Amino acid sequence: MKIGCPTEIKPQEFRVGMTPNAAQEAVAHGHEVFIQAGAGMGAGFDDATYEAAGAKIIATAEEIFATADMIVKVKEPQAVERKMLREGQLLFTYLHLAPDPEQTKDLLESGCTAIAYETVTDDRGGLPLLAPMSEVAGRLAPQVGSWTLQKANGGRGVLMGGVPGVGPAKVVVIGGGVVGTHAAKIAAGMGADVTILDRSLPRLKYLDDVFGRDFKNQYSTAGATAELIKDADMVIGAVLIPGAEAPKLVSRAQLSTMKPGAVLVDVAIDQGGCFETSRATTHADPIYDVDGIMHYCVANMPGAVARTSTIALGNATMPFMLALADKGWKQACADDPHLLNGLNVHAGKLTYYAVGKALGIDVISPQLALKS
């Protein structure tokens, strides 16, 4: 199979879809790998490193899309890239379609087959291709939130760990999954007073057993959230419904109950955001003010630490990428129902129920797509 990896063009996206190690593995499996010139530079991988791995360097994205049977990326294809997709081509990347009707429409019209990292599952009920970036984003959230809390950036001017005689920042993390757990760990490590909310009693028990007194946990209800955010210096939105649009957990009306200069960090912004007032921002212009509350809503947070993120993502995606290349997508998905769960689009049809529900589009089952 011919595997192509273009340079990411989303603003301030420095990750790359294939590491040199992944390229070397694919070549060893008998595949041709085409990397766009400079694609890995943001993550610290130069063209020579890819060439040493056996990949071929191609000058333009147009040549990559025209040549490759499978396109491997990080972020969802941008409008100009979607125009280059063709019928029968396989796209393997993050998609986040539920809040993005324009991308969904373009992918359906292209006739391509699109497998989304974020909906591939595992036998433990996890999301193995989303997890590494969730870990990165979770660990980044208190870091960027503490920067936003600084007075010069519009925040309350509160130090996360406080100092002797002055209390620490109060941080509320909504969601106790991968993002929330890593966010709570780092915030607590910075000395903050942390409370994590979740609706799963087994998950709360796990958090209590593992982390003990490092941070508090509480069952998540609308009332509990409303009370906790009143006194919070920082609220981190970390709720995920796989493939679906994120629920809105803090309304605009509730902002008036919060402390002026408090910070909302929305890690779920790729899926539409956890807060009513969230809108996607970039690393170049990451924060904005609504009713005196600072919002940090960068849609590709892990791109800020591109080398760590690229290697972590590459470790997770490589076995699936090789299976798709070795067997073809139909056989690979027939052999692995967890990979089949990643199928979102095939031959002009939507194949993921949560996306169809969010966008009001008819859906066929991925099993039916396998037979088409």
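Which ones in segment 201-215 are open to solvent by 40 Å² or more (accessible area, probe 1.4 Å) and either in a helix (DSSP H, G or I) or modelled with pLDDT of 95 or more (or both)? First the steps, then the outcome.
Here is the first cut: in segment 201-215, the ones open to solvent by 40 Å² or more (accessible area, probe 1.4 Å) are 201-203, 205-206, 208-210, 213-214.
Leu201, Pro202, Arg203, Lys205, Tyr206, Asp208, Asp209, Val210, listed by residue number.
Here is a yes/no grid of residues against (1) open to solvent by 10 Å² or more (accessible area, probe 1.4 Å); (2) within 27 Å of Gly191 (Cβ to Cβ):
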{"position": "Ala224", "(1), (2)": "yes, yes"}
{"position": "Ile229", "(1), (2)": "no, yes"}
{"position": "Gly237", "(1), (2)": "no, yes"}
{"position": "Lys248", "(1), (2)": "yes, no"}
{"position": "Ser256", "(1), (2)": "yes, no"}
{"position": "Gly272", "(1), (2)": "yes, no"}
{"position": "Val290", "(1), (2)": "yes, no"}
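Only one of these is hydroxyl-bearing (Ser, Thr, Tyr), under 14 Å from Ile9 (Cα atoms) and out of contact with any Asp or Glu (no Cβ under 9 Å at 6 or more places or on another chain): Thr60, Thr93, Thr119, Thr49. Name it. Can you show your working first?
Details: Thr93 fails: out of contact with any Asp or Glu (no Cβ under 9 Å at 6 or more places or on another chain); Thr119 fails: under 14 Å from Ile9 (Cα atoms); Thr49 fails: under 14 Å from Ile9 (Cα atoms).
After ruling out the rest, the residue left standing is Thr60.
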Check your understanding: Looking at this structure, is Met84 modelled with pLDDT of 95 or more, of a type outside the set (Asp, Glu) and out of contact with any Pro (no Cβ under 9 Å at 6 or more places or on another chain)?
Key -> no
Exercise for review: Test Leu130 against the stated conditions and say whether it is crowded, with 23+ Cβ neighbours inside 10 Å, at pLDDT below 95, over 17 Å from Ala304 (Cβ atoms) and not charged (D, E, K, R).
Suggested key: yes
Exercise for review: Looking at (1) open to solvent by 60 Å² or more (accessible area, probe 1.4 Å); (2) closer than 19 Å to Glu76 by Cβ; (3) touching a helix residue (DSSP H, G or I) at 6+ places or on another chain (Cβ under 6 Å), find the lone condition where Ala284 falls short.
Suggested key: (3)
Check your understanding: Out of Leu370, Leu339, Leu322, which single residue is of a type outside the set (Lys, Arg) and in contact with an Asp or Glu (Cβ under 7 Å, 6 or more places away or on another chain)?
Key -> Leu322
Revision key, fill the gap. Listed by first then second residue, the pairs whose first member lies in segment 81-104 and is closer than 21 Å to Ala323 by Cα and in contact (Cβ under 8 Å) with a residue 24 or more places away in the chain, whose partner is aromatic (Phe, Trp, Tyr) and crowded, with 20+ Cβ neighbours inside 10 Å, with beta carbons under 6 Å and at least 6 positions apart or on separate chains, are Leu90/Trp329; Tyr94/Tyr117
Check your understanding: Does segment 157-174 include one or more residues that are more than 30 Å from Asp69 (Cα to Cα), in contact with a strand residue (DSSP E or B) (Cβ under 8 Å, 6 or more places away or on another chain) and small (Gly, Ala, Ser)?
Key -> yes
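Only one of Thr49, Thr113, Thr19 is touching a strand residue (DSSP E or B) at 6+ places or on another chain (Cβ under 8 Å) and hydroxyl-bearing (Ser, Thr, Tyr). Can you tell me which?
Values: Thr49 fails: touching a strand residue (DSSP E or B) at 6+ places or on another chain (Cβ under 8 Å); Thr19 fails: touching a strand residue (DSSP E or B) at 6+ places or on another chain (Cβ under 8 Å).
So the residue among Thr49, Thr113, Thr19 that is touching a strand residue (DSSP E or B) at 6+ places or on another chain (Cβ under 8 Å) and hydroxyl-bearing (Ser, Thr, Tyr) is Thr113.
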Review point. Given the conditions (1) of a type in the set (Gly, Ala, Ser); (2) in a loop (DSSP other than H, G, I, E, B); (3) open to solvent by less than 50 Å² (accessible area, probe 1.4 Å); (4) without any contact (Cβ under 8 Å) to a residue 40 or more places away in the chain, and given that Gly155 satisfies all but one, which numbered condition is not satisfied?
Key: (4)
**Study point:** Residue selected from segment 172-196 under the condition among the aliphatic types (A, V, I, L, M) and surrounded by fewer than 24 Cβ atoms within 10 Å (Cβ to Cβ), by the criterion nearest to Ala238 (Cα to Cα)
**Key:** Val178
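The values are calculated or read from the model by the stated rules, or taken from the named source; none is laboratory data. No experiment lies behind these values; they were computed from the predicted model shown. For neighbour counting, all protein chains shown are included, and Cβ atoms are generated from backbone atoms with ideal geometry for every residue, glycine included. Each accessible area value is taken on the protein alone, full model and side chains, heavy atoms only, with ligands, DNA and RNA left out. Shrake-Rupley method; radii C 1.70, N 1.55, O 1.52, S 1.80 Å.
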